[in-house]
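What follows is one structure encoded as structure tokens, with my remarks underneath.
The values are calculated or read from the model by the stated rules, or taken from the named source; none is laboratory data. It should be emphasised that the depicted structure is a prediction, and the values quoted were computed from it without experimental measurement. FYI the Cβ positions are ideal-geometry reconstructions off the backbone, even for glycines, and counts take in every protein chain you see. Heavy atoms of the whole protein, side chains included, go into the accessibility calculation; ligands, DNA and RNA do not. Shrake-Rupley method; radii C 1.70, N 1.55, O 1.52, S 1.80 Å.
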Amino acid sequence: MQKHINYGSSKSREASFDTGVFREDLPRSVLRPNEYILLDGEWKFAVDAYDRGINENWYVRHDFSYTANWPGSVEQHLAATQQEGSSWKDKIVVWYERTFELPLDALPPGQENTILQLTFGACGYETQVWLNGHSLTTIEGELKHMGEYTSFSYELEALRPVNRLTVRIASSMDADIPRGKQESHIYKRGGIWYQTYTGAVRSIWLERVERNRLRSRVGVVSIIEDNLVRFTLTTRIHDPGSYKIKLTVFQVSADTDGNPVAEDEFKLMLDAGQKSQRLVVDLPNALLWSANAPNLYRLVAQLIDENGTASEIETKFGLRKFEARGSHLYLNNQPIYLDGILYQPGNSTYCQIKKHLLAMKELGCNLVRIHIAGIDPRIYKLADKIGILLWVEVPSPHRSTRNSRKNHRAELMRMLTLIGTHPSVVIWSLYNEDWGAQDIANNSETRQYITDMYHYMQLAYPQFLVVDNDGWHHISFEGRLKTDLLTAHLYTPDLDRWKGMLDELTAGKLESVAAFPLVVGDPFFYRRQVPLIVSEWGGFGFKDYGGPAEESARVSQIELFKAELRKRSISGDVYTQATDIEEERNGLIDRETGALHIKPGLLASDQNQRPVDPDGG
């Protein structure tokens, strides 16, 4: 029997780094050794201009007038069908529908210990799904899934030989929704604010999973002094009883994974439902992960019931320790300077994102700050492999309200659940430049929320450093900062002014150095007790920032500005930015091809440093 055109195997698809299969691979970091059917491709499509589709039972029957390719944004689909509203201004509701057959050889029936699972790589902001006219509920119990940056799944009771899948997606310009730099009712498109890019933005797939299983999420915290790795796994149980979790760790090498370097088993009594469990493995003589030596291990985790039936997941991980001590940063107990660059992926494909990341490494960067954007999770795996540190940010709402803070917290929790595996992720920002926290200087409720989330991150995710509000207005309570880094956004094209700003910053003058005071709340006295990071600077070529647009002049100016940074007690910097995006024309990398506009190694503090060849093992 001929296999479904979108039929594939998770395990085999992850094996190759440079042959192009990443373009077809599923957008997830934790893999299953099973087979799946991608439901990407052509779907029926309709705009619900008056939001009456639910009342009119479109999920039962509707005459869809257009087609659209999934994945793709609502804006792309509106433009392709030449309908009004491709630049919608308030709210948009659209519907997608397709039928699909269930190939018996791809997902064989009659397996009593398995369930069919439908997963959306990302979709939103509000997504509701029907199968054969019946409403579905996510594994987390949502009739409507809220959010647009992370994956979510449905367990399916039964499928027919031919099935009809219907999806309703609603998006709005609501400023309380986490939206990053997409326009809203508050910030309109233009300058640093971009067109919305929402809807069916990542793949959707169907796979058979075990009734009692490990979910595809793994948290990793390593203690390098003792060669210990703490794994947090999530169980999903339909049949309560006695289980064991078996963990097997292999060293990843260019040739073969070889024999296990560690194994252990843990017996558990598990109730029905979902819960997390931390398990610890001793990894003797472990090789540490760093930007210069990205050593990885492979974890195979199995949940085994009393009958010996196993559910398996696997992921790559690395042992590393990233911390702030006084005014310095350390990776694996070695001092490190962060040579960073700001990255705004926008609507780039994963193929383009991959080229961008490799080019940023070639520029000499050891850090990439992914700027308040949800992004294809395969970028984290790629950064793990090639050795580059990542600074992740929660896409911000655009106004400060109790509802926006509720939405912000929900988005943060979803992101943390799915990004806790990766050694490359070292820093998180909760907010950026007060976006979504505009009243941070005078609203104690806003400051308390950010303080609470900072404390939560310290306890629950000690592997990360956390920034409360990047750029300025860091929170001080009783003279103690609620941020691990004191960051500043400093823009000037004038070299003398640049020197003066850096002198003020390192002298602890917190009032005048940036656009707003660096600290709010209680008085804070710097005295070199926290690392200083210039987390945005440069922007040369963008008219709002100034500086030269011509390449040779930009190179000279970057070199001069970078040299001044390294003369002072600063722990890292982030140049703005990697690629052009919409009206921001200040990129150093071609957005389409990934080619450098300037010489390699320009942003490396050591100009003799050359990037590691990602295909060289």
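Structural remarks
- Condition check for Ser153: at pLDDT 90 or above, farther than 19 Å from Thr67 by Cα and among the polar types (S, T, N, Q): yes
- For segment 195-225, filtering for residues that are open to solvent by 20 Å² or more (accessible area, probe 1.4 Å), within 30 Å of Arg585 (Cα to Cα) and not polar (S, T, N, Q) leaves 3.
- Hits in segment 118-152 - residues which are open to solvent by 10 Å² or more (accessible area, probe 1.4 Å), within 22 Å of Val30 (Cβ to Cβ) and out of contact with any Pro (no Cβ under 9 Å at 6 or more places or on another chain): Ile139, Glu140, Gly141, Glu142
- Neighbours by Cβ (under 6 Å, 6+ apart or cross-chain): first from segment 225-247, at pLDDT below 95; second surrounded by 15 or more Cβ atoms within 10 Å (Cβ to Cβ) and not in a strand (DSSP E or B): Asn227/Leu283; Asn227/Ala286
- Elements of type strands (runs of 3 or more DSSP E) in segment 109-183, at least 1 residues being closer than 19 Å to Arg213 by Cβ: 114-120, 152-156
- Scan of segment 254-301 for residues that are farther than 25 Å from Asn212 by Cβ, among the acidic types (Asp, Glu) and loosely packed, with under 14 Cβ neighbours inside 10 Å, ordered by number: Asp255, Asp282
- Candidates Gly340, Gly326 - the one that is on the phi > 0 side of the Ramachandran plot, in contact (Cβ under 8 Å) with a residue 60 or more places away in the chain and not acidic (Asp, Glu): Gly326
- Wholly enclosed strands (runs of 3 or more DSSP E) of segment 1-90 bearing at least 2 residues modelled with pLDDT of 85 or more, under 24 Å from Lys385 (Cβ atoms) and touching a Lys or Arg at 6+ places or on another chain (Cβ under 9 Å): none
- Residue ID - farthest from Arg160 (Cα to Cα), chosen from residues in segment 48-102 that are open to solvent by 40 Å² or more (accessible area, probe 1.4 Å) and among the aliphatic types (A, V, I, L, M): Ala79
- With respect to the conditions (1) of a type in the set (Phe, Trp, Tyr); (2) closer than 21 Å to Ile192 by Cα; (3) at pLDDT below 95, Tyr350 lacks only one, and its number is (2).
- When residues of segment 367-409 are limited to those that are part of a strand (DSSP E or B) and aliphatic (A, V, I, L, M), the one nearest to Ala291 (Cα to Cα): Leu389
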